[in-house]
């Protein structure tokens, strides 16, 4: 993984899964760790088992972007065991 906080690791832990065909809905927690920062985000959404498209939305629950909106768009591999994509973190506006 490489992004605004530099290179690091991403770990995803499933919190719940609602099986379906072709859409599997699920929620989980991302833990992102780099030398610059650590972020935890909880997201929910779906994977389309027909084409591997992953769409998740959520919120940052720990780290420097606490409360920020999270959007994940990814492509799963053939057996749906892994995915590669983009996570966009949009900080909340402070007045």
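The values are calculated or read from the model by the stated rules, or taken from the named source; none is laboratory data. The structure displayed is predicted, hence computed values, not measured ones. As a convention, Cβ positions derive from the backbone with ideal geometry for all residues, glycine included, and neighbour counts pool all protein chains shown.
Quick rundown of the values:
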{"item": "Evaluation of residue 42 against (1) at pLDDT below 95; (2) assigned to a strand (DSSP E or B) (one fails), failing number", "result": "(1)"}
{"item": "Within the range 75-84, tally of residues that are surrounded by 17 or more Cβ atoms within 10 Å (Cβ to Cβ) and either more than 21 Å from residue 14 (Cβ to Cβ) or free of Cβ contacts under 8 Å to residues at least 24 places away in the same chain (or both)", "result": "0"}
{"item": "Filter pass, residue 87 being touching a residue at least 60 places away in the same chain (Cβ under 8 Å), within 15 Å of the chain's Cα centre (by Cα) and surrounded by 12 or more Cβ atoms within 10 Å (Cβ to Cβ)", "result": "yes"}
{"item": "Options 67, 20, 58; residue that is more than 11 Å from the chain's Cα centre (by Cα), touching a residue at least 12 places away in the same chain (Cβ under 8 Å) and either assigned to a loop (DSSP other than H, G, I, E, B) or buried (at least 16 other Cβ atoms within 10 Å of the Cβ) (or both)", "result": "67"}
{"item": "Yes/no for residue 7 being buried (at least 16 other Cβ atoms within 10 Å of the Cβ) and in contact (Cβ under 8 Å) with a residue 12 or more places away in the chain", "result": "no"}
{"item": "Residue 52 vs. criteria modelled with pLDDT of 95 or more and surrounded by fewer than 16 Cβ atoms within 10 Å (Cβ to Cβ)", "result": "yes"}
